[in-house]
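**Q** Take a look at this one; I'll ask things after.
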Amino acid sequence: MTQQPAQPHDRMHAVTPETRELVDLVLDYSRRRILSEDTPLDKPLPEYELRRLAGQTVSENGIGAERALALFEHVLAPACITTDHPSYLSFIPTAPTKAATAFDLVVSASAVYGGSWLEGSGAVYAENQVLAWLAAEFGLPATAGGVFVQGGTLGNLSALVAARDAARTERGNPAGRWVIVCSSEAHSSVSSAARVMDVDVVAVSPGESGVLTGDAVRPALEEYGDAVFAVVATGGSTNFGIVDDIASIAALKSDFSFWLHVDGAYGLAGMLSPLARDRFAGVEQADSVIVDPHKWLFAPFDACALIYRDPEAGRRAHTQHAEYLDTLTETTEWSPSDYAAHLTRRARGLPFWFSLASHGAAAYRDAVTASIRLAERVAEEIERRDGFRLVRQPQLSVVVFERDGWTKEDYSLWSARLLEEQRAFVTPSSHAGRPNTRFAILNPLTTFENLVGILDTME
Ligand SMILES: Cc1ncc(COP(=O)(O)O)c(C=O)c1O
């Protein structure tokens, strides 16, 4: 076929020397970045500084791909902290495998629509294999299934919407307001979901250990009765990596009627390791679970696996109905859009699928186990050092500690200096009103020496 010269209206879409060059530029950059072994941590810049360096980038006639990419490489990207850096230890980091990151490009290049079986059956098949593998790891029945959504926040919201829908169908609306019971250490996204749904949260104190138990949950169920449509257990809290006593909470199902949701956004991946697997006993009784591959399953942003024990409950709650969608919704085919609060979706489970299919599950088990071991080792080091105090023994891969006598301001100044010197990204935190800091360890390239070097800066 002879190539027609590009018309003014298709110059952005047609394959021309200009678009070829543009694609080469972008792929060259991506290749360099993915294979780079020394991308600095980088740091944020104030807006006035970015305005000075980057100026006005959007204009009527464009600035050209070369200039736009150069701006990204030299000005914009260095103003973004490198979240997959081995010394990024704040919040919950990300550490995508090379395979997963590279395949993210393939997902975009292939223009796959991941919302329906009709349009994306191949992608949905692969995503569903990953979901089935995860469900089996968690001990859920072979009929369990779900969808990859954008993140844990949307995963929790979608699961809780399905939970309320199921309760409403089963017993109608309560006399008062609907209630979610969870730990006071549950992630903020549970309260966010409650606000969106206009329901109440009853936060139960888990006590000193931080582990929510069935005994602590029972009084809330007795007090709020049928108004409770869901109990959320956390499978790895964000601040400490603490796993609730899921089995004792699940046991309450014999006396009360509620949907058990396990928020394992960060921690549920810990089940892959024999070192942590037992901590999650009871998860096999959950009605829904989430785990974020962009956290401890080494996939790029943004992906949360939401799995329902009975996927029909998710489908009943979430399928959108419209005349133009009838062709999709009047079939029995598995359309991922039907299982969460979304419609159009990127096949965001594919980068994880590609890496898991390529490397196999054992490599994942090893990587998760390595994080747990490293957390244990650095916790011992902290306990050994004078002037340091471990706030709690790590259960998974988060290590929280205090430096004797340090105020909130001391932690802030120290943290800012670490980033300024490009040594590490470790932010201040607190527990029960006492300032502290934490290492959230999940990058397999993080070493004991990295961590000891950071501790030395606190001496
Ligand atoms: C336990 C837990 N749940 C939910 C979330 C929210 O996930 P996302 O940031 O992907 O929305 C997080 C995030 O760190 C988390 O740690």
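The values are calculated or read from the model by the stated rules, or taken from the named source; none is laboratory data. Just so we're clear, the structure is a prediction, and the values are computed from it rather than from any experiment. Please note: Cβ atoms are built from the backbone with ideal geometry, for glycine as well, and neighbour counts cover all protein chains shown.
**Q** Of all residues in the range 299-333, count the ones that are of a type in the set (Phe, Trp, Tyr), at pLDDT 95 or above and out of contact with any strand residue (DSSP E or B) (no Cβ under 6 Å at 6 or more places or on another chain). Outline the logic, then answer.
**A** Step one: list which residues in the range 299-333 are of a type in the set (Phe, Trp, Tyr), which gives 301, 308, 324.
Those still in the list that are at pLDDT 95 or above too: 301, 308.
Right, trim to out of contact with any strand residue (DSSP E or B) (no Cβ under 6 Å at 6 or more places or on another chain) and you get 301.
Final tally of qualifying residues: 1.
**Q** Is it the case that ALA193 is within 25 Å of the chain's Cα centre (by Cα) and crowded, with 23+ Cβ neighbours inside 10 Å? So that I can check it myself, show each step before the final result.
**A** Values: within 25 Å of the chain's Cα centre (by Cα): yes; crowded, with 23+ Cβ neighbours inside 10 Å: yes.
Taking the combined requirement at face value, the residue satisfies it.
**Q** Can I ask one more? Which residues, taken from the range 442-459, are closer than 17 Å to GLU402 by Cα and touching a residue at least 40 places away in the same chain (Cβ under 8 Å)? It would help to see each step written out before you state the result.
**A** Step one: list which residues in the range 442-459 are closer than 17 Å to GLU402 by Cα, which gives 451-459.
Residues satisfying the conditions are LEU451, VAL452, ILE454, LEU455, THR457, MET458, GLU459.
**Q** So in the range 176-193, with the set limited to residues that are assigned to a loop (DSSP other than H, G, I, E, B) and touching a helix residue (DSSP H, G or I) at 6+ places or on another chain (Cβ under 8 Å), which one is farthest from the ligand (Cβ to nearest atom)?
**A** Taking the range 176-193 first, the residues assigned to a loop (DSSP other than H, G, I, E, B) are 176-178, 184-187.
With touching a helix residue (DSSP H, G or I) at 6+ places or on another chain (Cβ under 8 Å) added as a condition, the list becomes 176-178, 187.
On the way: GLY176: 27, ARG177: 23, TRP178: 20, HIS187: 3 Å.
Checked the range 176-193; the qualifying residue farthest from the ligand (Cβ to nearest atom) is GLY176.
**Q** Determine which member of the set ALA65, ALA109 is in the same structural domain as SER188 (by TED's automatic domain parsing) and either away from the ligand (no atom under 16 Å from the Cβ) or among the charged types (D, E, K, R) (or both).
**A** Working: ALA65 fails: in the same structural domain as SER188 (by TED's automatic domain parsing).
From the options ALA65, ALA109, the qualifying one is ALA109.
Yes/no per residue for (1) in contact (Cβ under 8 Å) with a residue 24 or more places away in the chain; (2) buried (at least 16 other Cβ atoms within 10 Å of the Cβ):
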{"position": "ASP366", "(1), (2)": "no, no"}
{"position": "GLY387", "(1), (2)": "yes, no"}
{"position": "ARG392", "(1), (2)": "yes, yes"}
{"position": "LEU396", "(1), (2)": "yes, yes"}
{"position": "HIS431", "(1), (2)": "yes, yes"}
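**Q** Which of the strands (runs of 3 or more DSSP E) contained wholly in the range 347-459 include at least 3 residues that are among the hydrophobic types (A, V, I, L, M, F, W, C)? Walk me through it before giving the result.
**A** Details: elements: 388-390, 398-403, 428-431, 434-440.
Those strands (runs of 3 or more DSSP E) span 398-403.
**Q** Could you say which residue among SER429, SER412 is under 28 Å from ASP42 (Cβ atoms) and either over 25 Å from the mean Cα position of the chain (by Cα) or of a type in the set (A, V, I, L, M) (or both)?
**A** Working: SER429 fails: either over 25 Å from the mean Cα position of the chain (by Cα) or of a type in the set (A, V, I, L, M) (or both).
Matching residue, one of SER429, SER412: SER412.
**Q** Can I ask one more? Working only within the range 125-147, note down all residues that are touching a Phe, Trp or Tyr at 6+ places or on another chain (Cβ under 8 Å) and either assigned to a loop (DSSP other than H, G, I, E, B) or within 24 Å of ILE92 (Cα to Cα) (or both). Spell out the reasoning first.
**A** Step one: list which residues in the range 125-147 are touching a Phe, Trp or Tyr at 6+ places or on another chain (Cβ under 8 Å), which gives 126-131, 138, 144-147.
Once the filter is applied, which keeps residues that are touching a Phe, Trp or Tyr at 6+ places or on another chain (Cβ under 8 Å) and either assigned to a loop (DSSP other than H, G, I, E, B) or within 24 Å of ILE92 (Cα to Cα) (or both), the range 125-147 yields GLU127, VAL130, LEU131, PHE138, ALA144, GLY146, VAL147.
**Q** Looking at this structure, is GLU333 assigned by TED's automatic domain parsing to the domain that holds ALA167 and in a helix (DSSP H, G or I)? Before you say what the answer is, go through the steps one by one.
**A** On the way: assigned by TED's automatic domain parsing to the domain that holds ALA167: yes; in a helix (DSSP H, G or I): no.
No: the conditions fail for GLU333.
**Q** If you don't mind, there's one more thing I want to ask. Quickly run through the range 101-124 and pick out the residues that are of a type in the set (Gly, Ala, Ser) and in contact with a Phe, Trp or Tyr (Cβ under 6 Å, 6 or more places away or on another chain).
**A** Taking the range 101-124 as the starting set, the residues that turn out to be of a type in the set (Gly, Ala, Ser) are 102, 108-111, 114-116, 120-123.
Residue satisfying the conditions is GLY120 alone.
**Q** I've got another one for you. Scan ASP292, ASP263, ASP302 and give me the residue that is in contact with a Ser or Thr (Cβ under 8 Å, 6 or more places away or on another chain), among the acidic types (Asp, Glu) and within 11 Å of the ligand (Cβ to nearest atom).
**A** Being in contact with a Ser or Thr (Cβ under 8 Å, 6 or more places away or on another chain), among the acidic types (Asp, Glu) and within 11 Å of the ligand (Cβ to nearest atom) holds for just one of ASP292, ASP263, ASP302, which is ASP263.
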